[in-house]
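Before any comments, here is the structure.
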Amino acid sequence: MVFSLILVFACIVLTAAGQILVKKGMNEIGAITSVQQMLDLGLILRVFTNVFVISGILCFGLMLILWLFALSALDISSTYPLTSIVYIITAFAALIFLKEDISLIKWVGMFLIVGGCILLSSR
């Protein structure tokens, strides 16, 4: 069980890393504000050849593999709520690496969500 919980924590870290990397890559691409832009093959090519986007996608892929192994030994009803910790880790990473401004009310909200999810995962 300890091994599976380590896998869950690795999944949480990989999810946060993937989100930050994809966001950094999309910051380089710029805002996409229309369906026309979304369908632009040149833009799609730029998105999926961006090193940060590719790295983020790889993080998500590795996370999925580890998540499958973790779920083979753990109950999803108590394991999945633990993944809410990703909100806090992602916010800290966004603050540090993306220089995002995160208000106090957002921090309080995230901690309330995580606290509730921890209660859900308790036995």
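For the range 94-106, the criterion of being part of a helix (DSSP H, G or I), of a type in the set (A, V, I, L, M, F, W, C) and surrounded by 17 or more Cβ atoms within 10 Å (Cβ to Cβ) is satisfied by at least one residue.
Restricting attention to the range 22-55 and to residues that are among the charged types (D, E, K, R), surrounded by 15 or more Cβ atoms within 10 Å (Cβ to Cβ) and under 18 Å from Leu98 (Cα atoms), the residue that is farthest from the chain's Cα centre (by Cα) turns out to be Lys24.
So, in the range 1-40, how many residues would count as being in a helix (DSSP H, G or I), without any contact (Cβ under 8 Å) to a residue 12 or more places away in the chain and farther than 24 Å from Ile88 by Cα?
The total comes to 4.
Considering only the range 41-62, I want to know if a residue exists there that is touching a residue at least 24 places away in the same chain (Cβ under 8 Å), assigned to a helix (DSSP H, G or I) and in contact with a Ser or Thr (Cβ under 9 Å, 6 or more places away or on another chain). Yes, that holds for at least one residue. Kindly indicate whether Ser78 is more than 16 Å from the chain's Cα centre (by Cα), of a type in the set (S, T, N, Q) and modelled with pLDDT of 95 or more. The answer is no for Ser78.
Contact map, the range 83-111: first residue more than 29 Å from Leu71 (Cα to Cα) and at pLDDT 95 or above, second residue surrounded by fewer than 13 Cβ atoms within 10 Å (Cβ to Cβ) and among the aliphatic types (A, V, I, L, M), Cβ cut-off under 7 Å, separation 6 or more or different chains; pairs are Leu95/Ile102.
The values are calculated or read from the model by the stated rules, or taken from the named source; none is laboratory data. Worth saying up front: this structure is predicted, and the values here are computed from it rather than measured. Every residue, glycine as well, gets a Cβ built from its backbone with ideal geometry; the counts of neighbours run over all protein chains shown.
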